[in-house]
Structures are given as structure tokens and as C-alpha cells.
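Working notes for the structure below.
The values are calculated or read from the model by the stated rules, or taken from the named source; none is laboratory data. All figures in this text were calculated on a predicted structure; none of them were measured in a lab. Cβ coordinates were reconstructed from backbone atoms using ideal geometry, including for glycine residues, and neighbour counts include every protein chain displayed. What goes into the accessible areas is simple: the full protein's heavy atoms, side chains included, and nothing from ligands, DNA or RNA. Shrake-Rupley method; radii C 1.70, N 1.55, O 1.52, S 1.80 Å.
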Amino acid sequence: MHKNERSLPETVLVSIRGRNARKAKSEQRKRADDTEMVVASYNVHKCIGVDRKFDPERTARVIREISPDVIALQEADNRFGDRAGLLDLARLEMETGLVPVPIAGNGKGHGWRGNVLLFKRGTVRDVHQIKLPGLEPRGALVAEIDLDDKPTLRVIAAHLGLLRRSRSEQARVVLDIMSSADERPTLLLGDLNEWRLGNRSSLNTLHTTFGPLPPAVPTFPSSLPLLALDRIMANRHGMISAVEAHDTPLSRVASDHLPLTAFVRL
């Protein structure tokens, strides 16, 4: 018994031992007050669960569980063909109050290259669709939102590539977006596809603007999260008070990623 446990990778042991503790902490954590927002990032895996079933309604139920004020979705459109959207956004808005940030020329798709940004109670001031470099069709959606009773928030919703070199180039594009003299509160959220930490990480260049980064929280694979592929970062210290995986029986099966949530104070 002890011999078998020692043969497992250390990361697997840490995930097994820490999962119940993370769940208990998540269940106890609530908004401190009305000035805190719940922000989330969720790679919905084209609404295909780990059971290989295509079930957009199940994906929508996970989003309802989170009850976010702002959420970025990745892989919410078909990747090929007409790139049609996969969720019933009208029903989702009716049930949650979440509305998608409008984008240009999306055809039947929900978002820009599978990235969808939804929010409650506010007005979109500006939107930019950024094509990211690399071999894969990747993009970022940059929106400035006037949230009710809060300062204007810039949100960069991105899905970075699988190749390390591409991620490094894409991270530099994100920094170029942030090079403006207007240093308004900014969140970067999405599936950044980087499991390495420290000096080996392709996201190291982001530290200059978004560092020190919040702790990396494992979200992949959803059945036993080992890798922190999904991230939520802010350009201001103290803006993010907590980052947690939304780990529930439903979220473990609805996608191969767990949603990542954060409590944000503007």
C-alpha cells in the first residue's frame, strides 16, 4: 500500500490530498460585501463532457452554479465549419442575467475564435478582437465595461496555444495591449495552457504587469485536477482576494476543465 502510494507522481498525491480541503474552503467562501464581484473563466470543451456526451444544458447549469458577474468562456463555438455557437445564450441571459459582449462579424458564433465574454449590470464601452500569433487559430477579446456603481473595467479574455513558443509570443501581444498609458483596472482571464511555473513558464513576461501572480490553482483534468492551465490575473495588487476551482459533481463531468473563479474588488 505504502509502496504504491510512493510510486505515484507527487503532483497526483497533492491533488488527491488537497481536493477535499479546497472544496471545503470553496463552500465556506462568500462575497465579503456588494463591492466584490465573482469573476470566472471556463473552458467548456465545446460542451462535451468527460463522459463524451454533448450537453450544452449541462454546461449552462455549471455557469448557473457559479453565478458570476463576469465570465469568460473558451471553446464555446464549433472550431470548424460555420463555427456556430453551442449555447443557448438567450436562455442563459434569462436565467442568469448574463449578456455577451457584442463582437463584429461573428456569423453564427457566440464569440471571437471561441472566446465569449459575458457580464451582468453594465454597459460595454469598447471592444477589440485580437488575432494572436501562432500555428493554431487563437484569439483574445478585449472589452472595456462600465459596470454599475463601479469603475470601468478592462477584461482580456484569451485562449493561448498549445505550443510553448506560441504562448510566449501571445503573452507579449497581451503586454502590448497593456502598454497604453491608461492603467485602468484590468483582468486577464482564460485558458492560458501553461502548466509550468517559475522561470520555465512561457507566461513569465506577464509578471511585469500582472505580478505578483495569484497562486496557480489546478483545473485540468476536471476529474483529478493536476495542472493550472486556467488563470485569472489582475494588474493591481489586492484586486483579487481569492482564486478557486469551482469543483462540484456537475463541473467534474461537464468539461475536461474545471471552471476557475475569483473574488475581485475594484
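Would you mind getting the accessible area per residue of segment 36-264, heavy atoms of the protein chains only, 1.4 Å probe, in Å²? It would help to have the intermediate numbers written out before the result.
Working: 9530 Å² over 229 residues.
Accessible surface, normalised per residue, equals 42 Å².
How big is the dipole moment of segment 36-264 about its Cα centre under a simple scheme where the beta carbon of each Lys and Arg is +1, that of each Asp and Glu is -1, and everything else is neutral? Debye, nearest 20, please. Could the numbers behind the result be given before it?
Values: 28 positive and 28 negative charges, 135 e Å.
My answer is approximately 640 debye.
Classify segment 36-264 as rounded, prolate or oblate, taking a ≥ b ≥ c as the square roots of the eigenvalues of its Cα gyration tensor: rounded when a/c is under 1.5, otherwise prolate if a/b is larger than b/c and oblate if not.
Working: a/c = 1.27, a/b = 1.14, b/c = 1.12.
It is rounded, given that a/c, with a ≥ b ≥ c, falls under 1.5.
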Once the dipole of segment 36-264 is set up with Lys and Arg at +1 and Asp and Glu at -1 on Cβ about the Cα centre, which of Ala262, Ile71, Ser202 lies farthest towards its positive end?
Ser202
Students often check this: by mean Cβ neighbours within 10 Å, which of 139-146, 112-119, 194-201 ranks highest, and how do the rest follow?
112-119, 139-146, 194-201
Carbon plus sulfur, as percent of the 1.4 Å-probe accessible area of segment 36-264, comes to 53 percent
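Over segment 36-264, what is the relative contact order in percent, taking alpha-carbon pairs closer than 8 angstrom and at least six residues apart? Kindly include the intermediate steps, with their values, before the conclusion.
Details: 545 pairs, mean separation 49.6, N = 229.
The normalised contact order for segment 36-264 reaches 22 percent.
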Show me the ranking of peptides 128-134, 170-176 by mean Cβ neighbours inside 10 Å, starting with the highest.
170-176, 128-134
Starting from the Cα-Cα distance between Lys131 and Ser67, subtract it from 0.36 nm times their residue separation and give me the gain in nm to one decimal.
20.1 nm
